[in-house]
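This report refers to the structure that appears directly beneath it.
The values are calculated or read from the model by the stated rules, or taken from the named source; none is laboratory data. This one's a predicted model, so the numbers in the text were calculated from it and none came from an experiment. Here the Cβ positions follow ideal geometry from the backbone for every residue, glycine too, while neighbour counts run over all protein chains shown. Areas reflect the complete protein model, heavy atoms only, side chains present, ligands, DNA and RNA absent. Shrake-Rupley method; radii C 1.70, N 1.55, O 1.52, S 1.80 Å.
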Amino acid sequence: GASDTLRVGAIGTGGRMHELLNAADTVGNCQLVAACDVYAPRRDAIKERSKGTATTHTDYRELLEQKLDAVIIASPDHWHVRMAVDAIAAGKDVYLEKPVTHTIEEGATLARAVRSSKQILQCGMQQRSWSHFRDAVDLIQGGSLGRVPQVRTYWWQNYLAWREHHAIDVQALDWKQWLGNAPDQPFSEEKFYRWRWFWNFGGGAMTDLFTHWIDVAHWAMKSDQPTNAQMLADKSIFEQWDCPDTVQAAFRYPGFDVVYEGMMASSIDDGGLEFRGTEATLKINRSGFGVYHESVSGRENPVVKAESFRDGTIDHMQNFFDCVRSRKEPNAPVETGVAAARAGHIANLAYRRSGAISWPPKSSV
């Protein structure tokens, strides 16, 4: 019933999961009843968080056998689709962190699993529920900017400032389970903490960061597949990573282009988007947006301004819980997450194939 407390399971209980559970606690009317992680200290922390009531598991399949309404998945990317598909098969609704896929091919697998079931899957693209992003998309689609031939996206973060980590007790970690279907390799603390920057487990900036912004562009521009992608990128700072830390990428969509730039040793300006239209430009980030009109003086811009007062993850979790109860389509259905991740995967393919790619790729002779 609508007033029933939702029984929730958590898979992958690192830093992001705690943020998601904070959002769930803010929304309320849910109980964390089971949690899974391959690292014992994280299982202990989540047990403590639940005041000792949640069951804890090393193998997520054991968690899926529990009596749950929904699971939240915040594991490394290479586990996302397998865990989500198994959760759906077990009759659970799923909140799946982004990027929802680790490869392009996984997109069809995930979409098929969701659409051939009766389960709800919310992709972790929280901008879809964030009120000022929703208002901005309405303005763009309503024609407030005129024609929009160009979208600029950027995200700068400073990993040099995040050097301190707790040493990992390897005896308390099931490294083989953590690796999953990735090639067997010795334990590495760098890979454990910064898995996003190794191809076996993540996809670098293009799937970690760009995924969020390209989803907003897809949504606002009503177009979700590029025809061409170019990527100029280097390992300028973190040579130990697989993925480049300094990136310039460009995408051609029917009627508009999208560019992305970012690096991982500079955090000034953080992340955001600019929709450049013939009549006005809309600049937006997670703090708010402004619309700057071409025909007014600089002092009078922005002509429209909005601010954000709380993390959109809260509203996104609220939307997920509402849909678990109502069985309605969530704000970020599977196709949106697949398309956003695919754009990042396409860019990474371009990077690994001398910098440019057409999409879909021409079949090789």
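Evaluate 2.2 N^0.38 Å with N set to the residue count of the chain, then give the Cα radius of gyration divided by it. Show your work: numbers first, answer last.
Working: Rg = 20.6 Å, N = 365, 2.2 N^0.38 = 20.7 Å.
Here the answer is 1.00, to two decimals.
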If I ignore ligands, DNA and RNA and count only protein heavy atoms, how much of Glu335 is accessible to a 1.4 Å probe, in Å² to the nearest 10?
80
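Give, rounded to the nearest 20 debye, the magnitude of the charge dipole that the chain has about its Cα centre when Lys and Arg contribute +1 at Cβ and Asp and Glu contribute -1 at Cβ. Intermediate results must be reported in sequence, preceding the final value.
On the way: 40 positive and 45 negative charges, 145 e Å.
Approximately 700 debye in magnitude.
Once R0 is set to 35 Å, what does the formula 1/(1 + (r/R0)^6) return for the Cβ-Cβ distance between Arg299 and Gln248, expressed as a FRET efficiency to the nearest 0.05? Kindly include the intermediate steps, with their values, before the conclusion.
Values: r = 33 Å, r/R0 = 0.94.
So, using R0 = 35 Å, E works out to roughly 0.60.
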Each label sits 7 Å from Cα toward the beta-carbon; between Asp311 and Gln150 the label points are separated, in nm, by 3.5
What accessible surface, in Å², does a 1.4 Å probe find on Trp79, ignoring ligands, DNA and RNA and rounding to the nearest 10?
20
So for the range 247-365, Kirkwood radius off the Cα pairs, Stokes-Einstein at 25 °C and 0.890 mPa s: how many µm² s⁻¹?
136
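Want the number for Asp174 to Thr58: 0.36 nm per residue separation, take away the alpha-carbon distance, what's left? Provide the component values of the computation, followed by the final result.
On the way: separation 116, 0.36 × 116 = 41.76 nm, distance 0.79 nm.
Separation in residues times 0.36 nm, less the Cα-Cα distance, equals 41.0 nm.
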Can you find, among Gly262, Tyr292, Gly344, the residue sitting farthest towards the positive end of the charge dipole of the range 233-365, where Lys and Arg contribute +1 and Asp and Glu -1 at Cβ?
Gly344
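Rounded to the nearest 500, what is the 222 nm mean residue ellipticity of the chain from helices alone, with -39500 (n - 2.57) per DSSP H run of 4+ residues and division by all residues? Could the numbers behind the result be given before it?
On the way: 12 runs with 119 residues, N = 365.
Theoretical 222 nm ellipticity from helices: -9500 deg cm²/dmol.
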Whole-percent carbon and sulfur share, accessible surface of the chain, 1.4 Å:
47
The range 72-110: GluC sites (Glu not before Pro) in DSSP loop, at most 13 other beta carbons within 10 Å
Glu105
Report the gain in length on full extension from Glu239 to Glu48: 0.36 nm times residue separation, minus Cα-Cα distance, nm rounded to one decimal.
65.0 nm
Using the Kirkwood radius over C-alpha pairs as Rh, can you work out the diffusion coefficient of the range 1-125 via Stokes-Einstein at 20 °C, viscosity 1.002 mPa s, in µm² per second?
148
With Cα atoms, 0 to 90° folded angle of helix 131-141 axis to the chain main axis
40
Largest to smallest principal axis extent of the C-alpha atoms in the range 59-165, angstrom:
51, 42, 28
Excluding residues on the same chain fewer than 8 positions from Lys328, give the lysines whose Cα lies under 16 Å from its Cα.
Lys92, Lys118
Can you give the net charge of the other residues whose Cβ lies under 10 Å from the Cβ of Gly272, counting K and R as +1 and D and E as -1?
0
Mean separation of Cα contacts under 8 Å (6+ apart) over length of the range 215-354, as relative contact order %:
20
Treat the range 64-103 as a sphere of radius equal to its Kirkwood radius over Cα pairs and apply Stokes-Einstein at 4 °C in a medium of 1.567 mPa s; give the translational diffusion coefficient in µm²/s, rounded to a whole number.
128
How much of Lys235 can a 1.4 Å solvent probe reach, expressed as accessible area in Å² and rounded to 10?
80
Taking only protein heavy atoms and a 1.4 Å probe, what accessible area per residue, in Å², does the chain have with all protein chains in place?
45
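Run the dipole for the range 183-239 about the Cα centre, Lys and Arg Cβ at +1, Asp and Glu Cβ at -1, nothing else charged, and hand back the magnitude in debye, nearest 20. Spell out each step's value before the answer.
Numbers: 5 positive and 8 negative charges, 29 e Å.
So the magnitude is around 140 debye.
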For the range 106-195, with equal point scatterers placed on the C-alpha atoms only and solvent neglected, what are the log10 I(q)/I(0) values from the Debye formula at q = 0.12, 0.17, 0.22 1/Å, to two decimals?
-0.82, -1.06, -1.11
Report the charge-dipole magnitude of the range 1-138 in Debye, nearest 20, computed about the Cα centre from +1 at each Lys and Arg Cβ and -1 at each Asp and Glu Cβ.
160
